[in-house]
Every structure is written in structure tokens, then in C-alpha cells.
Amino acid sequence: MNTIDQTEGLVGAYGLTDSLDRLLNADTPLADLQERCGGDVPGTLAIPELLALVQQARSMGLKIGRTFRAFDGDAEISGFARIHPVAQHEGGGCEVLIENWQRSPLAPPTTREFAAKIDAIDRATAEISGRLDARQRIQVLNTRAPDAAALQLAAVDVPGKVWTELVELKGIAHHQPLHWRLLDGASCRFAGSPRNWRVRLIPIGSDVQNPVGFEVLLIAEEPLAPTPREPSLDERHNGTSPTRLVGTALTPVLRQPVARIIANAETIRARLAGPLRDEYSDYAGTIASAGQHLAAMLDDLADLEVVETEGFTTAKEAVDLADAAVRAAGILGVRAQNRETALVVQGRQGTAVASAEFRRVLQILINLIGNAVAYSPAASTVTIATIAAAGGKVCVTVADEGPGVTAEQADRIFNKGERLGRGNDGGKDKGSGLGLYISRRLAIAMDGSLTVEGRPEGGALFRLELPQYQQL
């Protein structure tokens with residue numbers, strides 16, 4: 001057996017694993033670290049950084065020697081790891097030697113690191129977020145909270161309003177723009193929401209004394225209580241309970257835990273809790289993405305319940321489709337920029353005014369533009385155009401440069417739960433399959449229509465058609 005010479009160099013710890021990566025025996029330092037990481041001796045190797053090295057050496061059949069770092073909960077363990085695979089007839093595992101074993105107390109995070117960690121957690125848990133200019137006037141305000149619809153509408157109705165005019169600040173009598181440090185962390189309430197909210201103002205720019213703008217976050221202090229719904233006549237007749245349980249009861253309850261998972265995963269991914277190997281940072285990023293996907297599905301399920309409620313109606317108001325298109329493109333601007341995708345809005349304001357509900361039109365456009373960005377190749381263009389159609393109709397179209405849709409796909413793409421894998425992703429569309437179904441239901445509720453067709457030059461063209469607003 002080709003063993004490691006434990007007398008060579010400064011030896012800190014020695015151990016032996018088997019072909020299933022179980023730590024069979026270990027010196028005291030390594031055994032203690034194994035137990036602090038939740039494992040036993042003998043037992044599966046529970047030290048992630050060491051397990052990755054052992055698996056790599058065993059699978060490749062090669063000796064590995066590299067710097068080793070791990071965390072035992074209270075301190076950082078460092079040293080130089082030598083991993084030697086042993087022959088299959090001798091167990092097929094690895095000999096493990098950690099030279100120059102050192103245990104160093106973890107340095108407390110700096111003030112900047114701690115602040116960045118808090119910011120990351122608040123971004124993930126905020127149900128309302130937006131951008132302000134240097135004078136705290138609203139540029140963009142997004143919400144995923146059902147009880148914040150009135151707040152978003154108020155921000156849209158009067159662009160450029162100072163954000164404090166839309167909320168009631170607790171313990172602060174003045175509503176004029178105060179210094180941002182006096183408002184950061186304040187409590188507030190606003191019309192339409194029974195909940196208390198905490199304010200975060202994060203300055204944008206290198207000079208926090210004179211920032212170029214602010215990121216505003218509103219974090220709910222408690223989850224939204226579900227609103228009881230009367231069972232329909234069919235449900236009372238059949239003695240059955242409502243089938244749309246997730247949207248009514250579970251979505252508000254699950255939203256906060258999912259947001260915490262996302263926040264913690266983002267904290268790990270950004271290495272705010274301490275040094276971390278690249279593969280574990282990537283894994284935390286995967287967890288955060290999965291959490292964001294789950295959060296989006298919860299939103300879709302809540303919307304699904306709304307549009308499928310018996311007697312669901314929408315408001316009738318004048319909606320300038322060109323203005324709605326500009327706002328939707330602005331909301332998705334960062335996502336498009338990350339994919340080097342250009343969002344081009346065509347059409348003059350005032351030429352295509354629909355009789356519809358603004359927030360529902362905006363919801364549909366965000367879904368259509370978001371899909372176009374996701375399915376288009378990088379460095380392409382998504383075009384949003386507004387036109388006045390014939391027969392007292394107006395419409396807005398969203399055209400992408402992706403693979404397009406076939407006639408058969410165009411018939412199915414709006415079905416509930418349909419997840420057509422457009423593009424070269426092998427059909428691995430991770431959406432809920434509800435976005436387009438909900439969008440079409442919303443269009444129909446506004447006496448309009450939503451259709452799709454393939455473009456001759458390539459890509460897909462979605463067309464939202466709505467009744468033209470008639471001035472009285």
C-alpha cells in the first residue's frame with residue numbers, strides 16, 4: 001500500500017476514506033472538524049471542502065495537493081491537503097493528510113461588509129422596490145404585494161412625485177424630502193394596506209453624502225392575512241371546498257419564508273458570510289434562482305385565482321398604450337441589459353388610447369416583454385409597438401428575434417400550464433406555464449384579445465388588442 005509519510009513536513013491531521021467517501025478513521029483535529037460539520041467517525045465525510053477534493057482524487061485516480069480551507073463554526077481551518085487514492089482492492093478510498101494545520105478565529109465582518117449583508121437580505125425580502133432620483137422623486141416603483149396595488153397606481157398617475165407624499169410616516173411629522181439617513185429604517189403605512197412597513201433607502205453612487213439617486217425598499221413587518229372567500233354556488237351545492245387553496249391561503253404564508261431562503265442564499269453566494277470556494281458560491285446561486293422561481297410561481301398562482309374567480313371584472317379607464325409600453329420596458333430594462341438585449345418602443349403617446357385597466361395592461365406587457373427577453377438570443381432586439389387598429393380597436397405588439405412559434409404552438413401557447421420550450425433549450429422552460437394563460441384571461445376581461453404568430457423574418461409577434469377609449 002502506497003501510504004503517505006506522516007513524518008514529512010508539519011503534519012496536522014491524517015484520515016482514511018473508503019470508496020463511498022466515508023471517513024473511516026481520523027486523527028483528533030480532523031475528527032473534531034468532522035463532528036463540528038455534523039458528521040461522525042466512521043461516517044460520510046461531512047466537510048464540504050475536503051469531500052470535493054476526495055471525490056475528485058478518487059474519480060480521477062490521481063494524487064491531489066492543494067491549499068485547504070474550511071470552517072468549523074467558530075474559526076477557519078487552513079492547511080495544505082494531500083489526497084492519495086488507494087487501490088480498489090485496498091478499499092478504493094483515499095488517504096488524507098492535512099499539513100500545517102492551523103485554526104484561526106474568524107475576523108468579524110467590517111462595517112461595510114455587514115451593511116452589504118443587511119442590504120442583500122432586505123432586497124430579497126422587500127415586497128415593494130423602486131428607484132428615486134437625487135431629490136427622492138419616484139422614477140420606478142414595482143410591487144409584488146397584493147395590498148400595494150393602490151400605491152403603485154398612485155406612483156404611476158403622478159410621475160416624479162416625492163415618495164413620502166404617498167405614505168404615512170410614523171414618528172416623522174414632515175413629509176418634505178428629509179435627509180435620507182433620517183428616513184432609512186422608518187416605519188410607514190399607506191392606503192390599501194393593513195400592514196406596517198419598514199423603509200430602506202440605499203444611496204446610489206460612490207458619494208453617500210451626495211448620491212445620484214436612491215434604491216427604495218419597503219419591507220412588510222408581517223405577512224398579509226388571507227382574505228376569506230365565500231364558496232361559489234357549485235361549491236356549496238357539492239359540499240366541496242375551494243380548489244384554489246394556494247392563491248388564497250398559502251401564498252401570503254409562503255412568501256416570507258421563500259424570501260428569507262433567497263436572501264440567505266444570496267448572502268452565501270456573495271461571500272458576505274466569509275470566504276467560500278467557487279463551486280459552493282455557484283451552488284448558493286442555484287438555490288437563490290430556484291427560490292426566485294418559486295416566488296414567481298406563487299405570484300402566478302395568486303393571479304390565477306383572481307382571474308378565475310366567478311364574476312371577475314376589470315376597471316375601465318383611459319390607458320395610453322405607448323405610455324404603458326415605456327413603463328413596462330423601463331421596469332425590465334436591467335434584465336434586458338444583462339442579456340445585451342435592446343428594448344425599442346415605437347409609437348407616439350396619445351395615438352393609441354385603450355379603455356382598460358392600467359395595472360392589468362402593465363402586467364400583460366411585463367409578461368410579454370419578459371418572455372421576449374428570455375427567449376431571444378443575446379445581443380438582439382425586442383420591439384414594442386403601439387398602433388390604432390380598425391373597428392374601434394387599439395393594440396400593442398411585442399416582437400422578438402427568437403426561434404418563433406409554429407402554428408401548432410400558437411394554438412397551445414395560451415393553455416393553462418403550457419410550457420412550450422421555444423429555442424434550443426431542449427424544452428427546459430422553467431416557468432409556471434401560467435403567465436400567458438393569465439395574460440389572455442386579463443385581455444378577455446378587458447373585452448380585448450391576446451394572440452401570437454410567427455414572424456416571416458424570424459421570432460414571435462404577440463398582439464394585445466383592446467377597445468379604443470371613447471372620449472365623452
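Using the Cβ-Cβ distance between Thr44 and Arg271 with R0 set to 25 Å, the FRET efficiency works out to roughly 0.45.
Quick one: length gained pulling Gln55 to Asp119 fully straight, 0.36 nm per residue minus the C-alpha distance? Computed gain between Gln55 and Asp119 is 19.4 nm. Note on Asp21, Asp157, Asp147: ascending count of other Cβ atoms within 10 Å places them as Asp157, Asp21, Asp147, the fewest first.
In what sequence, highest mean first, do 135-146, 33-44 appear when ranked by Cβ atoms within 10 angstrom?
135-146, 33-44
For the residue pairs Lys117/Lys416; Lys117/Lys170; Lys161/Lys416, the alpha carbons lie more than 32 Å apart in Lys117/Lys416; Lys161/Lys416. Distance between the 7 Å Cα→Cβ label points at Val162 and Ile444: 4.7 nm. Note on Glu457 and Ile204: with the Förster distance fixed at 45 Å, the Cβ-Cβ geometry gives a FRET efficiency of about 0.70. Relative contact order, whole percent, for the stretch 11-105 stands at 31, derived from Cα pairs under 8 Å and 6 or more residues apart.
Our estimate of slack between Ala315 and Asn415, defined as 0.36 nm per intervening residue step minus the Cα-Cα distance, is 33.5 nm.
Every number in this text was worked out from the coordinates using simple rules, so none of it is lab data. Because the structure is predicted, anything quoted here is derived from the model rather than measured. Because the Cβ atoms are built from the backbone with ideal geometry, glycine has one as well, and the counts that use them run over all protein chains shown.
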